[in-house]
Amino acid sequence: MKIEGKKQIWNDYQKEIAEDHFFYVRSCIRQNFFPGSEKSFLRIMKEELKKDVYENPSHTTCSGIGYHTDIVPFETSMTMVARQFALMTEAGYENFTTSCITSFGLYSEVLNTWEHEPEMEEKAREFLYKATGREFKKPKNVSHASDVIYRFRKEIAEKGKYRLVNKLTGEPIRVVEHIGCHYSKMFPSKGVGGAEYPYVLIGMIEDWGGEVIDYPERRHCCGFGFRQYLVQANRGFSVSCSKKKFDSMEPYQPEMILTNCPGCPMFLDRWQYAISEMEGKTYGPDGTGIPVLTYEELAGLVLGHDPWDLGLQVHQVPVEPLLDKIGISYDPEKKFKAADGSDIGRPEAPVYLKFYPEQA
Amino acid sequence: MSKTAIIIGGGVAGMETAGQLNRLGIEVVLIEKQASLGGHLKNWDRLFPDRRESQEVFDYLEKGMNDGISLYLNATISDIREAGGKFTVILEDGRELSSDALVLATGYDLFDARKKEEYGFGIYDNVITSAELEEFFRNNKQKNLFEGVQSKRVGIVHCVGSRDEKVGNLYCSKLCCVTGVKQAIEIRELMPDAEIFCFYMDLRMFDRHFEEMYYEAQEKWGIRFIRGRLSEAAENPDHTILVKVEDTLTGLPLKMKVDLLILLVGFVPSPETKRLAGMLGLKEGDDRFLCPSDEHLLPNSTDHPGVFLAGTLKGPASIAATIVDARAAALQVAEYLVNGER
């Protein structure tokens, strides 16, 4: 593998990412899947980087999941996207930032459609006005939240309490990254680093001290691929997609998987549990799995946020081996406690996947 | 008084046009930006379909370069001016050359395989282009391509940068198919136990003996042809290449490991051609190659009187076809200089 070749491509695909004043739209599913991620993003942006991020609670789904499953027609999606832009315009913002990869892909698709077919934009404006009386300006800058973290990755490293380094050996933590299809496969120029060798997560891993692993099935689907999961009968295909990736990355002994998309961490995390129950197979040493983190969770860890405040206790693959390697301090007793100290209950321990805190 | 023609480009088309015009009694000036003549021909080892040494063709062309031709090597053109039916070509070093006619024979470039990012050229250790393989054959006669490699499995990918909307090249480069077949046979000759797979969309064996060569590759050499376009290549831990392709004849996706992946890179218009065409106001086609004034009847003329085209700046062509085209161009130029017709 020649890194110079990748650097050339990374230079070719750079995008503009706004510096401040973000209108932030959330994902439909991330708060259920990884409840601390969006909260961590807002905390990092507002409290640590002192940036202005605005949210309007009346924003809705972008309709991306419905659109990609052929339930919502494009005209409807376009009008819903137009409404989000109207909320942004009304609040006086011009930089649009999305938490979700599928939303990011849909916003990019709608804006690209309007660029090439101005009559479609007129249609969307008309539909929106008739339905809501709202009008909008198109955003000056559209970024995914990972673009924003990428832009401030060096500041995060400077303020950081931890680096992605094994505290005992001094070796960098070996990280596999997974980008999410809708980030740049549809519009390579809209993603940092393009579609084939995307750089957005790699930039974070490198600047925070880790080592990136490229493996043969890096581009393969995480297992979400809407049709594979939303159609219940296809779920075997979903788990086999994830398994193909784990089998391919296993020889490189990755210590962590970093993800970009709402679906990828869900499937790369949950299916490790499912595969362990189905086949007794685990992908980390001594019955552990490969911890899967979102970029906000990882940024939070680097900055020294408490792992349980980041919601890492709801991951199916326990993150403790990774925390221990880096030397991140945490209280095992508080893993299943709420902020007020009450017990939130604990899951039944898996048969094969090692559970933390370890039971006597 | 004898007439003068300036030929721009010293590859196959430029050399043959220059030699022919010189034999017709016309004073010829040949301008080449490189340090030597021959263009892409100098990078070939053996030529399809009969696998003669490329050097033999070069030797013939070089014989035509006699004393009657003024040769300017390492010469870059900074401007072209025209007054009273005469052309003045100004070189970067300030020298001025004048003539009664101009022939553009600036050729083509090879497609930059890095643009097919998913194939990993320039990133994975064992992905090379057909041009690099040819260079290997030329410089390492009879040497094993895989010293130290145990299994010897080679993948050859057709249409890299050709017939590909994604990279903006809809045209067929025509000669990659036969190049791939030739190179597959040559690899097999060097390493009889190598397994060789050609991944193709459809094989365009259009010229004489090409189809026979394709049959020979299958029947005599056991080269396997898989109809399917590669979707991606990735590098395995042992630096072999994992390829994914759909075998469209069986309708099944296929994943296999190869020790070496060869990308058959096609023709692209050269930036130098574009620059000179811009100076002369010449017409570019949708495919960005230059257009003659009439594809059927005046394939070497342009709408600009006194300016002619020869060779692959008009699109992909074999060496044999380029030589025929160069002779046609020479005849058109001679006719223009004698009778004033284009």
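Condition check: among the small types (G, A, S) and either assigned by TED's automatic domain parsing to the domain that holds A:Q228 or in contact with a strand residue (DSSP E or B) (Cβ under 9 Å, 6 or more places away or on another chain) (or both). Does A:S103 satisfy that? Here the answer is yes, as A:S103 does meet what is asked. Being more than 14 Å from chain A (Cβ to nearest Cβ), hydrophobic (A, V, I, L, M, F, W, C) and in contact with a Cys (Cβ under 8 Å, 6 or more places away or on another chain) is a property that B:C176 has. For B:L71, the conditions (1) in the same structural domain as B:G155 (by TED's automatic domain parsing); (2) touching a strand residue (DSSP E or B) at 6+ places or on another chain (Cβ under 8 Å) all hold with the exception of (1). Filter the stretch B:286-304 down to residues that are in contact (Cβ under 8 Å) with a residue 12 or more places away in the chain and either among the hydrophobic types (A, V, I, L, M, F, W, C) or touching a His at 6+ places or on another chain (Cβ under 6 Å) (or both) and give me whichever is farthest from B:Y171 (Cα to Cα). Among those residues, the one meeting the criterion is B:L298.
From the list B:K143, B:K116, the lone residue that is more than 22 Å from the chain's Cα centre (by Cα) and either at pLDDT 95 or above or over 23 Å from B:G14 (Cα atoms) (or both) is B:K143.
Rundown of residues vs (1) under 20 Å from A:S27 (Cβ atoms); (2) buried (at least 23 other Cβ atoms within 10 Å of the Cβ), yes/no style:
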{"position": "A:E277", "(1), (2)": "no, no"}
{"position": "A:P285", "(1), (2)": "no, no"}
{"position": "A:T288", "(1), (2)": "no, no"}
{"position": "A:L293", "(1), (2)": "yes, yes"}
{"position": "A:G311", "(1), (2)": "yes, no"}
{"position": "A:Q316", "(1), (2)": "yes, no"}
{"position": "A:V319", "(1), (2)": "no, yes"}
{"position": "A:S342", "(1), (2)": "no, no"}
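The condition (being under 16 Å from the mean Cα position of the chain (by Cα) and more than 14 Å from every other protein chain (Cβ to nearest Cβ)) is satisfied by just one residue among A:S143, A:S184, A:S108: A:S143. Evaluation of B:N236 against the conditions (1) surrounded by fewer than 18 Cβ atoms within 10 Å (Cβ to Cβ); (2) more than 14 Å from chain A (Cβ to nearest Cβ) shows that the sole unmet condition is (2). Take A:F237 and tell me if it is within 14 Å of chain B (Cβ to nearest Cβ) and either in a helix (DSSP H, G or I) or within 20 Å of A:L312 (Cβ to Cβ) (or both). Answer is yes for this residue.
Report whether or not A:N11 is within 14 Å of chain B (Cβ to nearest Cβ) and at pLDDT below 95. Here the answer is yes, as A:N11 does meet what is asked. Regarding A:E177, is this residue part of a helix (DSSP H, G or I) and either of a type in the set (D, E, K, R) or within 14 Å of chain B (Cβ to nearest Cβ) (or both)? Taking the combined requirement at face value, the residue does not satisfy it. Residues that are assigned to a loop (DSSP other than H, G, I, E, B) and among the hydrophobic types (A, V, I, L, M, F, W, C) within the stretch B:109-134 comprise B:F111, B:F121, B:I123, listed in sequence order.
Conditions (1) under 30 Å from A:I213 (Cβ atoms); (2) modelled with pLDDT of 95 or more; (3) of a type outside the set (A, V, I, L, M, F, W, C), marked per residue:
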site	(1), (2), (3)
B:F121	yes, yes, no
B:S130	no, yes, yes
B:S162	no, yes, yes
B:C172	no, yes, no
B:V181	no, yes, no
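Does B:L309 satisfy the criteria of being out of contact with any Lys or Arg (no Cβ under 7 Å at 6 or more places or on another chain) and of a type outside the set (G, A, S)? Against the criterion (out of contact with any Lys or Arg (no Cβ under 7 Å at 6 or more places or on another chain) and of a type outside the set (G, A, S)), B:L309 qualifies. The lone criterion from (1) within 14 Å of chain A (Cβ to nearest Cβ); (2) surrounded by fewer than 18 Cβ atoms within 10 Å (Cβ to Cβ) left unmet by B:D109 is number (1). Output the residues belonging to the stretch A:205-216 that are more than 7 Å from chain B (Cβ to nearest Cβ) and touching a helix residue (DSSP H, G or I) at 6+ places or on another chain (Cβ under 6 Å). Within the stretch A:205-216, A:D207, A:W208, A:V212, A:I213, A:Y215 qualify. Scanning the stretch A:63-82 for residues that are within 16 Å of A:T132 (Cα to Cα) and either in a loop (DSSP other than H, G, I, E, B) or not hydrophobic (A, V, I, L, M, F, W, C) (or both) returns A:E75, A:T76, A:S77, A:T79. A single member of B:S99, B:S130 is among the small types (G, A, S), touching a Phe, Trp or Tyr at 6+ places or on another chain (Cβ under 6 Å) and either within 14 Å of chain A (Cβ to nearest Cβ) or crowded, with 19+ Cβ neighbours inside 10 Å (or both), and it is B:S99. If the condition is being touching a helix residue (DSSP H, G or I) at 6+ places or on another chain (Cβ under 7 Å) and assigned to a helix (DSSP H, G or I), then the stretch A:9-29 contributes only A:I9. Comparison of B:S70, B:S78 shows that the only residue that is touching an Asp or Glu at 6+ places or on another chain (Cβ under 6 Å) and over 30 Å from B:S162 (Cα atoms) is B:S78. Comparison of A:S248, A:S276, A:S242 shows that the only residue that is in contact with a helix residue (DSSP H, G or I) (Cβ under 8 Å, 6 or more places away or on another chain), of a type in the set (G, A, S) and modelled with pLDDT of 95 or more is A:S242.
The values are calculated or read from the model by the stated rules, or taken from the named source; none is laboratory data. No experiment lies behind these values; they were computed from the predicted model shown. Using ideal geometry, Cβ is built from the backbone for each residue, glycine included, and neighbour counts are taken over all protein chains shown.
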